[in-house]
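This report concerns only the one structure given below.
The values are calculated or read from the model by the stated rules, or taken from the named source; none is laboratory data. Given the structure is predicted, the values throughout are model-derived calculations rather than measurements. Note: ideal-geometry Cβ built from the backbone for every residue, glycine included; neighbour counts use all protein chains shown.
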Amino acid sequence: MDDLWREQLAVLGAAVWWDDDDGHPDAWCEREGVEDAAYVTCAIELVQLLESLPRLPRLGPLPGTSSTGTSSTGASSGTGTSSGTDASDRTDAPGANSPGAGAASRERVRERDVDQRTLGRVRALLAKAESTEFPEEAEALSARAQELMARHSIDHALLAAEKGDVGGAAGRRIAVDNPYDSPKAVLLTVVADANRCRAVWHRELGFSTVVGHPADLAAVEMLFTSLLVQATSAMVHAGPRRDARGRSRTRSFRHAFLNAYAARCGERLREAADRATAGAGGTVLVPVLAARDRAVEQAVGTMFPNLAEGRAGSVSNYEGWVAGRAAADLASLNGRREITGAYRRS
């Protein structure tokens with residue numbers, strides 16, 4: 001099973017608690033204290049919900065399929081790529097016991113271990129940035145996290161280029177919830193752009209599809225989540241707003257706040273990403289990143305052939321706009337000098 005499926009199940013706390021599939025209806029009814037009719041009703045409502053949803057591009061392999069598009073039993077299945085077990089990982093595959101196959105498998109395991117260690121460090125830094133009460137500390141921690149993510153992405157790009165493997169882009173769906181879903185979607189878009197990804201918002205479904213290379217997708221999801229936590233905290237801390245007549249202006253204030261926050265974060269993230277790229281690989285890196293950008297654009301065009309550009313929403317609360325930009329200045333990732341200093345102190 002693909003690692004993303006396992007991660008989602010872990011987040012949901014989902015586990016197989018029943019003894020066998022045939023006995024699931026009786027076990028569920030007993031656990032919930034309901035009659036069989038309730039089980040049938042839930043199943044019908046679930047089928048109706050799934051049938052009403054629009055068709056979406058498949059972003060990865062179905063459960064039970066490998067990166068080669070075959071099921072775990074060897075039968076032909078759907079297409080897609082997976083970071084899970086593929087034919088060269090299975091001991092019954094032709095050539096699986098050859099030195100070359102063993103080396104390739106060990107290399108994949110090593111790369112996954114490095115990825116997890118790096119992402120673990122980034123998560124820890126962002127968690128500290130979210131919990132600290134000192135804006136300067138949050139800024140330094142976020143900056144160091146962005147430096148790690150940018151360096152990690154560039155290392156992946158250069159390593160793939162050395163192997164002659166540009167690789168295809170993948171996709172990931174990230175929730176964009178109400179209230180204020182529009183500025184939240186903008187924030188996700190600017191984070192994706194800064195990390196060489198593209199975000200496509202499905203407003204009616206409550207999420208965005210982010211398309212990019214796997215290492216970049218992980219960075220986008222973590223950074224977006226962290227910045228959203230920090231933005232929400234700063235917005236709530238600013239308190240409610242009323243006009244001169246005592247009418248509530250809280251909603252327009254918060255809408256403007258988050259829009260300004262997203263706009264300012266986008267500016268500073270792009271500046272930081274450009275500096276990291278310029279200092280990493282010189283002219284060698286330029287064609288590598290250009291090829292990866294083309295792969296992302298091609299994937300977006302394939303997944304969403306009828307994609308339309310959205311129109312930016314308007315903002316009517318000047319106070320909220322100013323407050324949002326100020327909050328973004330404190331939470332954003334603002335440059336290499338501070339990051340370098342943080343590394344020297346560590």
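At-a-glance table
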item: Total residues in segment 116-153, condition β-branched (Val, Ile, Thr) and at pLDDT below 75; result: 1
item: Any hit, segment 247-257, residues being touching a strand residue (DSSP E or B) at 6+ places or on another chain (Cβ under 6 Å) and of a type in the set (A, V, I, L, M, F, W, C); result: no
item: Qualifying residue in segment 200-216 (condition: modelled with pLDDT under 85 and in contact with a helix residue (DSSP H, G or I) (Cβ under 8 Å, 6 or more places away or on another chain)); result: yes
item: Criterion (of a type in the set (Lys, Arg), part of a loop (DSSP other than H, G, I, E, B) and under 28 Å from Thr118 (Cα atoms)) met by exactly one of Arg173, Arg196; result: Arg196
item: Close pairs from segment 5-26: first under 16 Å from Arg172 (Cβ atoms), partner surrounded by fewer than 11 Cβ atoms within 10 Å (Cβ to Cβ), Cβ under 9 Å, at least 6 apart; result: Gln8/Ala14; Leu9/Ala15
item: Complete set of residues in segment 199-235 that are in contact with a Pro (Cβ under 9 Å, 6 or more places away or on another chain) and part of a strand (DSSP E or B); result: His202, Thr209
item: Residue list for segment 214-250, restricted to those being farther than 30 Å from Ala169 by Cα and touching a residue at least 40 places away in the same chain (Cβ under 8 Å); result: Ser233, Ala234, Met235, Ala238, Arg241, Arg249
item: Answer from Ala273, Ala185 - the residue that is surrounded by 19 or more Cβ atoms within 10 Å (Cβ to Cβ), modelled with pLDDT under 90 and either in a helix (DSSP H, G or I) or among the polar types (S, T, N, Q) (or both); result: Ala273
item: Any hit, segment 50-60, residues being outside the structural domain of Leu217 (by TED's automatic domain parsing), part of a loop (DSSP other than H, G, I, E, B) and modelled with pLDDT under 85; result: yes
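Yes/no matrix, rows are residues, columns are (1) more than 26 Å from His202 (Cβ to Cβ); (2) at pLDDT 75 or above; (3) buried (at least 16 other Cβ atoms within 10 Å of the Cβ):
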position	(1), (2), (3)
Thr283	yes, no, no
Val286	yes, yes, no
Glu297	no, yes, no
Pro305	no, yes, no
Gly310	no, no, no
Glu319	yes, yes, no
Ala323	yes, yes, yes
Ile339	yes, no, yes
